[in-house]
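Everything on this sheet refers to the single structure shown next.
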Amino acid sequence: MIRCALLRITMTHSTEHLLNEREAAALLNLAVPTLRRWRWSGDGPRFAKIGRAVRYDPAELRLYIETQTRRSTSDPGAGAVGASRMGGGGGGDERRGS
């Protein structure tokens, strides 16, 4: 049973190590409270909850960045059509941690 679960984890997640919220925030150049707010509101990158620990897959962070990339301020972006699997944009100056 455990071996089967480990196989599913290996197949669905990258082989890179998972990042904690501090590491993920640093990678995205955001404040940790911004990631916390996004998790609460359903915005931001997908994350894994392992017990009480929150972890981010680096591949999911890269995908989130790709979906947020715009050519202009009027470009709705790839994630704007319907309900995106990544959630909303989150917006604002994240370094303030507001």
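Here, each number is a calculation from the coordinates, and none is a lab measurement. Here the structure is a predicted model, which means the values were calculated and not measured. When we count neighbours, we look across all protein chains shown, and the Cβ atoms used for this are built from the backbone with ideal geometry, even at glycine.
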- Please tell me the relative contact order of the range 14-69 in percent, rounded to the nearest whole number, where contacts are Cα pairs under 8 Å and at least six residues apart. 43 percent
- Item | Ranking of Glu21, Glu66 by count of other Cβ atoms within 10 Å, fewest first | Glu66, Glu21
